[in-house]
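Enquirer: Sharing a structure, written as structure tokens. Questions coming.
The values are calculated or read from the model by the stated rules, or taken from the named source; none is laboratory data. These numbers come from a predicted model, not from an experiment. FYI the Cβ positions are ideal-geometry reconstructions off the backbone, even for glycines, and counts take in every protein chain you see.
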Amino acid sequence: MNEQQLSESEVFLPKSELQSLIDLLRNDGMTVVGPTIDQQAIVYDEITSVDELPRGWTDRQEPGKYRLEQRDDDATFGFVVGPHSWKKYLFPPLTTVSTAEKTDQGWQMQTPEPDSTRYAFLGVRACELAAIAVQDRVFTGGPYIDPVYSNRRKNAFIIAVNCTEAAPTCFCSSMNTGPECRSGFDLALTELDDGFVVQAGSEAGETLIARLNTSEITTSQSETAGQARQQAVDQQSRHMNTDGIRDLLLGSLKHPRWEEVGNRCLGCTNCTMVCPTCFCSSVEDVTALSGESVERKRHWDSCFNLSFSYISHGTTRDTISHRYRQWLTHKLASWHDQFDTSGCVGCGRCITWCPVGIDLTEEVAAIRGNGDSSQSGGQS
């Protein structure tokens, strides 16, 4: 089935049938992961019921601020994105990559069996689809394929949700990554008051639709869904001018703005932890107290950590300004050289979850020489 045929395959799923979708996925042996509320934030976790979804809740986001508020309706997906991304399931924060056991014949090395969990991701936004595509290039697009990521990725079933509203921190339109889901999903939902317009994006998605209690989409439903998706475009007030951004940043390594942002940055690593594309990691060997076994563990790391750039003679990037410059220039500039894509998808998480509200769109605008961030970055 070609992409044109799939794009035309839209049906209507009543809200009362959303539980049936979850049940079918679970009956097929999948672990369904979706948005739910925990510790006053919308996070991703295993769910078994629609009652665990954040129905009737939304998130209010600004630089350095995140709050949940009740909506005046019962929208199931009436929010944007929280601190979690799907990265935590495809590229886990902590992974055992090898083990060694001391035996009478010497040390025996082993690679753990791959995780057999089959995930179904429910509620993936367009910017997150783009982030997954970026990590696909990082972990599977070169000569060395990461086996942990590759195994989890090939077993994932993706149910995307088109955004129908945007947060003040969103700028996916600038990065051409949303807010409408265009590819990379098995199913895509657009929420209406009484149900969802469902589009198949793969053969597996088509097969699942055939098992659901759906109806043909009406002209009115199609038009309403289109208007809802357009609303998220119209609401975006933050923008980033990406014209020539690679050469701009790599040609401005001595710009005084790096020191200015370094004086505000806490070096806390929040931006890299919430980013759906950052992939820095470190590996360490953990020895049992008995000395009879060793586990080699990979864990998330950050270029904002002082020790991350440590080599034989010492730390290469010993100031926060240098580390911020490394992060921003890698994500927006040299990432193009490595992976032929930007490392930013415009989700705005790094802005929201920065304790001091540093906004990378404003930093780019300042380096570009435009003091008024409403033209190239920041809010307009």
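Enquirer: Checking the condition farther than 18 Å from Cys265 by Cα and under 23 Å from the mean Cα position of the chain (by Cα), which residue from Leu332, Leu289 passes? Step through it out loud before you land on a result.
Expert: Numbers: Leu289 fails: under 23 Å from the mean Cα position of the chain (by Cα).
Testing whether each residue is farther than 18 Å from Cys265 by Cα and under 23 Å from the mean Cα position of the chain (by Cα) leaves just Leu332.
Enquirer: How about region 40-104: which strands (runs of 3 or more DSSP E) wholly inside it have at least 3 residues that are touching a residue at least 60 places away in the same chain (Cβ under 8 Å)?
Expert: Because the criterion is at least 3 residues that are touching a residue at least 60 places away in the same chain (Cβ under 8 Å), the strands (runs of 3 or more DSSP E) in region 40-104 that meet it are 57-62, 94-103.
Enquirer: Quick check on Arg325: is it without any contact (Cβ under 8 Å) to a residue 40 or more places away in the chain and either buried (at least 19 other Cβ atoms within 10 Å of the Cβ) or not in a helix (DSSP H, G or I) (or both)?
Expert: Spelling it out, it is not the case that Arg325 is without any contact (Cβ under 8 Å) to a residue 40 or more places away in the chain and either buried (at least 19 other Cβ atoms within 10 Å of the Cβ) or not in a helix (DSSP H, G or I) (or both).
Enquirer: Moving on to the next point. So for region 6-15 (the condition being basic (Lys, Arg), touching a residue at least 60 places away in the same chain (Cβ under 8 Å) and not in a strand (DSSP E or B)), does at least one residue qualify?
Expert: Yes; the residues of region 6-15 include at least one that is basic (Lys, Arg), touching a residue at least 60 places away in the same chain (Cβ under 8 Å) and not in a strand (DSSP E or B).
Enquirer: Would it be correct to say that Thr95 is in the same structural domain as Ser49 (by TED's automatic domain parsing), in contact with a Ser or Thr (Cβ under 7 Å, 6 or more places away or on another chain) and of a type in the set (Ser, Thr, Tyr)?
Expert: Answer is no for this residue.
Enquirer: Okay, next question. What do you reckon, is Leu25 at pLDDT 95 or above, outside any strand (DSSP E or B), more than 17 Å from Asn155 (Cβ to Cβ) and more than 21 Å from the chain's Cα centre (by Cα)?
Expert: Judged against the criteria, Leu25 is not a match.
Enquirer: Still on this model: Would you be able to say whether some residue in region 208-220 is crowded, with 20+ Cβ neighbours inside 10 Å, under 22 Å from Lys87 (Cα atoms) and either modelled with pLDDT under 95 or not aromatic (Phe, Trp, Tyr) (or both)?
Expert: Looking for residues that are crowded, with 20+ Cβ neighbours inside 10 Å, under 22 Å from Lys87 (Cα atoms) and either modelled with pLDDT under 95 or not aromatic (Phe, Trp, Tyr) (or both), one finds none in region 208-220, hence no.
Enquirer: Do the conditions hold for Ile358, that is, is it in a loop (DSSP other than H, G, I, E, B), outside the structural domain of Trp86 (by TED's automatic domain parsing), in contact (Cβ under 8 Å) with a residue 24 or more places away in the chain and closer than 19 Å to Cys170 by Cβ?
Expert: Working: in a loop (DSSP other than H, G, I, E, B): yes; outside the structural domain of Trp86 (by TED's automatic domain parsing): yes; in contact (Cβ under 8 Å) with a residue 24 or more places away in the chain: yes; closer than 19 Å to Cys170 by Cβ: yes.
Against the criterion (in a loop (DSSP other than H, G, I, E, B), outside the structural domain of Trp86 (by TED's automatic domain parsing), in contact (Cβ under 8 Å) with a residue 24 or more places away in the chain and closer than 19 Å to Cys170 by Cβ), Ile358 qualifies.
Enquirer: Sort out which residues of region 154-194 are farther than 17 Å from Asp59 by Cα, of a type in the set (Ser, Thr, Tyr) and part of a loop (DSSP other than H, G, I, E, B), and write them in order of number.
Expert: Across region 154-194, the qualifying residues are Thr177, Ser183.
Enquirer: Of all residues being in contact with a helix residue (DSSP H, G or I) (Cβ under 7 Å, 6 or more places away or on another chain) and touching a residue at least 40 places away in the same chain (Cβ under 8 Å) in region 273-299, which is farthest from Ser342 (Cα to Cα)? Just the residue, please.
Expert: Checked region 273-299; the qualifying residue farthest from Ser342 (Cα to Cα) is Val274.
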